[in-house]
Amino acid sequence: MLHKEFANRVNNVAGYTRAQLVNAYDTAARCRVWFDQIAGVFDAVLTLSAPGEAPRARTQGDNTLNRDWTLLHVPCINIPVGLGPNRMPIGLTLTGPRYSDRRLLAVAAALADALADRVTR
């Protein structure tokens, strides 16, 4: 069985026209180029991985903050940086321009080393 949100998209429940979809895909393509230009001057872009700590249950957490990276087709690395009030992990996401995977891995390794002694266990 498909997740309801995914099934609604597949079945075009919102009723988007072909022209609207093409416009949305073209806008996403322009945003990829724009983000590459902006992010390319930095070692990485650092954001929260989620709007809170991980859920206690074995369920997916809130992916709201990751949807843009998926749309932009950029690499992402999530690094645990501490624990929330329920002693569940809180993470940061490192991302960068498309095809910057090797550079991003090096930045993530350096950041993980720098944070190793600071992460609450």
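Kindly indicate whether residue 21 is surrounded by 13 or more Cβ atoms within 10 Å (Cβ to Cβ) and either in contact (Cβ under 8 Å) with a residue 40 or more places away in the chain or part of a helix (DSSP H, G or I) (or both).
No: the conditions fail for residue 21.
From the list 39, 44, 14, 7, exactly one residue is among the small types (Gly, Ala, Ser), modelled with pLDDT of 95 or more and either exposed (fewer than 15 other Cβ atoms within 10 Å of the Cβ) or out of contact with any strand residue (DSSP E or B) (no Cβ under 8 Å at 6 or more places or on another chain) (or both). Which is it?
Of the residues listed, the single one that is among the small types (Gly, Ala, Ser), modelled with pLDDT of 95 or more and either exposed (fewer than 15 other Cβ atoms within 10 Å of the Cβ) or out of contact with any strand residue (DSSP E or B) (no Cβ under 8 Å at 6 or more places or on another chain) (or both) is 14.
Before we move on, is residue 46 assigned to a strand (DSSP E or B) and within 17 Å of the chain's Cα centre (by Cα)?
Values: assigned to a strand (DSSP E or B): yes; within 17 Å of the chain's Cα centre (by Cα): yes.
Here the answer is yes, as residue 46 does meet what is asked.
What is the residue count in segment 53-73 for residues that are touching a residue at least 12 places away in the same chain (Cβ under 8 Å) and at negative phi? Working first, answer last.
As a first pass, look at segment 53-73 and keep what is touching a residue at least 12 places away in the same chain (Cβ under 8 Å): 53-56, 62-66, 69, 71-73.
When the remaining residues are screened for being at negative phi, the result is 53-56, 62-66, 69, 71-72.
Total satisfying the criteria: 12.
In this structure, is residue 75 at pLDDT below 95, under 12 Å from the mean Cα position of the chain (by Cα) and within 26 Å of residue 6 (Cβ to Cβ)?
no
Out of 32, 87, which single residue is among the basic types (Lys, Arg) and farther than 21 Å from residue 115 by Cα?
Result of the check over 32, 87: 32.
Looking at segment 95-102, is at least one residue touching a strand residue (DSSP E or B) at 6+ places or on another chain (Cβ under 7 Å), modelled with pLDDT of 90 or more, of a type outside the set (Gly, Ala, Ser) and outside any loop (DSSP other than H, G, I, E, B)?
There is at least one residue in segment 95-102 that is touching a strand residue (DSSP E or B) at 6+ places or on another chain (Cβ under 7 Å), modelled with pLDDT of 90 or more, of a type outside the set (Gly, Ala, Ser) and outside any loop (DSSP other than H, G, I, E, B).
Please work out which one of (1) at pLDDT below 90; (2) surrounded by 11 or more Cβ atoms within 10 Å (Cβ to Cβ); (3) in a loop (DSSP other than H, G, I, E, B) is the condition residue 80 fails and give its number.
For residue 80, the failing item is (3).
State which residue pairs qualify: first residue more than 15 Å from residue 93 (Cβ to Cβ) and inside segment 109-121, second residue modelled with pLDDT of 80 or more in any location, beta carbons under 7 Å apart, and separation of 6 or more residues or different chains.
119/80; 119/81; 119/82; 120/82; 120/83
How many of the residues making up segment 89-121 are exposed (fewer than 15 other Cβ atoms within 10 Å of the Cβ) and not basic (Lys, Arg)?
13
The values are calculated or read from the model by the stated rules, or taken from the named source; none is laboratory data. Everything quoted here is computed from the prediction, not taken from an experiment. In this analysis, Cβ positions are derived from the backbone assuming ideal geometry, glycine residues included, and neighbour counts consider all displayed protein chains.
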